[in-house]
Amino acid sequence: ACLAPAVSFGEISSEVTSGSMGVVEYLLGSGVAGMLYSVLCGQPMAFLAPTGLTLAFISGLFRFCSLRDLPFFSVYAWVGLWTSAFMSLLGLLGSSKLIRYCTRFTDEVFNGMLSVNFIYEAVSSLRRNFINADPLNLSMPFVALSMALGTFVGTMNVVKFEASKFFNRKVRKIVKNFGPVSVILLFTLLNNLPWAQKFNVPTLSVPDHFQLAGGRSFIVGLKAIPVSIRLLCAFPACLLTCLFFMDQNISVRLVNSPENKLKKGAAYNLDMLAMGIVTGVLSIFGLPWMCGATVQSMNHVRAMAETKRNEETGQMEITQVTETRLTGFVIHALLASTVMLLPLIKKIPIPVVSGVFLFLGRKLMTGNTFFRRISDAFAEKSRLEPKNPIYLLGRKKMNFYTAIQVLCLLGLFGFKQIPSITIFFPAMIGILMSIRAFVLPNFFSEEEFVKLQDPTPE
């Protein structure tokens with residue numbers, strides 16, 4: 001779950017930045033960011049990782065630099081340094097308390113966007129195989145599709161194995177923790193068998209030895225652009241700060257949820273300060289920016305948790321969590337060290353990574369009541385739980401609220417798909433908050449918001 005996003009987003013980044021930032025940078029950036037964050041932050045159970053929204057911003061910034069004939073890495077570094085300064089200042093001023101104005105309405109749409117983005121990237125990769133294949137020989141695309149679906153189904157099943165009745169608790173936990181990696185290894189080995197190689201399933205495009213894209217040096221030339229451009233970089237940095245502020249606080253807030261039964265208190269402002277320092281370091285070295293990763297963070301919490309089966313619901317519930325900085329540091333140190341295993345990583349089929357993306361997208365849907373309400377809209381009322389919003393509000397009112405969220409999600413996704421304006425995507429998050437604060441109260445009372453578990457903050 002940590003390696004796949006770094007590799008896949010690195011592959012996509014290499015395409016959208018004309019090879020300026022690829023898999024090696026994403027592996028190294030993910031590892032360095034994770035190690036620094038695990039040491040500096042207030043909530044070490046949370047993880048940093050690349051996301052599709054951050055990649056969209058980087059893509060927009062690269063396109064702008066290309067049109068204006070500006071050196072990309074110099075502009076990138078200054079935008080990152082300004083973002084680092086803004087985030088550090090927000091952390092020192094205690095601004096994380098403002099996240100309470102980001103209600104469940106925005107949380108659900110934002111996480112829905114992350115989920116849809118994972119699935120979209122996976123489907124796009126598989127679709128390209130069919131587009132580029134010989135129409136008279138579609139063996140490769142269908143084999144790739146089978147690999148992706150096999151990886152998705154296999155990973156889903158090994159993760160759910162912990163709640164099964166087979167073997168004892170220790171064995172089930174081992175299968176859950178190491179099963180996803182085993183699934184990836186299995187399909188990689190299958191693809192390297194002589195009978196499978198004739199299908200020419202595409203594998204990851206990485207160099208045979210460690211080097212940054214284009215053979216550039218580690219340190220970015222900060223003086224390559226005039227002072228006026230350096231100051232103007234503060235404007236896109238404001239947008240990036242908004243994106244990081246939302247993504248980071250939403251991810252950490254999910255980790256700090258009472259359901260996870262963590263003993264240590266929340267430290268949102270310290271997390272924000274740590275995020276600012278990490279962003280500054282990555283910018284100076286021209287490595288991709290990282291931000292709060294919901295799926296990886298929650299997987300980390302569950303991996304370190306003791307669970308028991310709730311006999312009434314049939315679900316696994318957390319009883320306690322071992323809270324430590326060590327696991328996050330070691331995991332990301334191993335992730336960074338994979339740059340020494342590039343010849344082996346090169347053998348991983350791209351459809352396998354697509355399958356992991358499908359899993360991550362589906363995993364993000366779990367617990368998001370927005371998606372549950374979409375399915376409940378078509379369900380028979382008598383088959384729903386007594387606490388379902390349909391019983392509390394009525395089907396028409398609940399569906400109206402859900403329809404507004406669907407329109408917001410479609411708007412976000414559509415905005416992100418327009419290359420010329422993706423750099424302004426973070427501003428859309430503010431629009432979401434404005435819709436909840438100023439538009440929805442015209443249609444819903446505060447009592448109805450409470451029934452939807454979306455109370456207005458005081």
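Which values, in whole Å and largest first, are the semi-axes of the equivalent ellipsoid of the stretch 192-302 obtained as the square root of 5 times each eigenvalue of the Cα gyration tensor? Don't jump to the answer; show the numbers that get you there.
Numbers: eigenvalues 206, 172, 28 Å².
Those come to 32, 29, 12 Å.
Run the accessible area of the stretch 347-458 with a 1.4 Å probe and give the carbon-and-sulfur part as a rounded percent. Let's see the in-between values first.
Numbers: 3750 of 5790 Å².
Of the solvent-accessible surface of the stretch 347-458, carbon and sulfur hold 65 percent.
Could you order the peptides 431-444, 81-94 from most to least packed, using the average number of other C-beta atoms within 10 Å per residue? If you can, show how the numbers build up before the last one.
Values: 431-444: 14.9, 81-94: 19.1.
Most protected by this proxy first, the peptides run 81-94, 431-444.
Which value, in debye to the nearest 20, gives the size of the charge dipole of the stretch 312-458 about its Cα centre, when Lys and Arg are +1 and Asp and Glu are -1 at the Cβ?
Numbers: 16 positive and 11 negative charges, 128 e Å.
That gives the stretch 312-458 a dipole magnitude of about 620 debye.
Quick one: net charge of Thr188's neighbours, Cβ under 13 Å, K/R +1, D/E -1?
Numbers: positive: Lys346, Lys347; negative: none.
Summing Lys and Arg as +1 and Asp and Glu as -1 gives +2.
Along its three principal axes, how long is the stretch 341-458 when you only count alpha carbons? Whole Å, largest extent first please.
Projected onto its principal axes, the Cα set of the stretch 341-458 covers 59, 38, 26 Å.
Over 27 Å between Cα atoms: which of Lys308/Lys397; Lys264/Lys308; Lys176/Lys451; Lys223/Lys416 fall into that group? It would help to have the intermediate numbers written out before the result.
Details: Lys308/Lys397 37 Å; Lys264/Lys308 21 Å; Lys176/Lys451 35 Å; Lys223/Lys416 31 Å.
Violating the 27 Å Cα-Cα cut-off are Lys308/Lys397; Lys176/Lys451; Lys223/Lys416.
May I ask for the net charge around Ser59, where only other residues with Cβ less than 11 Å from the Cβ of Ser59 are counted and Lys, Arg are +1 while Asp, Glu are -1?
Values: positive: Arg63, Lys416; negative: Glu15.
My count for the surroundings of Ser59 gives +1.
What does the charge add up to near Ser74, with Lys and Arg as +1, Asp and Glu as -1, over the other residues with Cβ less than 11 Å from its Cβ?
Numbers: positive: Lys223, Arg230; negative: none.
Within the 11 Å Cβ shell, the charges total +2.
Regarding the chain, what whole-number volume in Å³ per residue does the convex hull of its Cα atoms give?
On the way: hull volume 75.6 nm³, N = 458.
It comes to 165 Å³ per residue, whole-number rounded.
Take the alpha carbon gyration tensor of the stretch 183-243, find the square roots of its eigenvalues, order them as a ≥ b ≥ c, and report rounded if a/c is under 1.5; if not, report prolate when a/b exceeds b/c, else oblate. Before the final figure, lay out the partial values.
Working: a/c = 4.64, a/b = 2.49, b/c = 1.86.
Prolate is the answer for the stretch 183-243, as a/c is 1.5 or above and a/b outweighs b/c.
Would you grab the residues whose amide H sits under 5 Å from the one on Cys291? Only those 5+ places off in sequence or on another chain, please, with H modelled 1.01 Å from N.
Ala49, Thr51
The values are calculated or read from the model by the stated rules, or taken from the named source; none is laboratory data. This structure is a prediction, so every number in the text was calculated from the model and none was measured. Quick reminder, even Gly has a Cβ in these numbers, built from the backbone with ideal geometry, and neighbours come from all protein chains shown. Note: areas computed on protein heavy atoms with side chains; ligands, DNA, RNA excluded. Shrake-Rupley method; radii C 1.70, N 1.55, O 1.52, S 1.80 Å.
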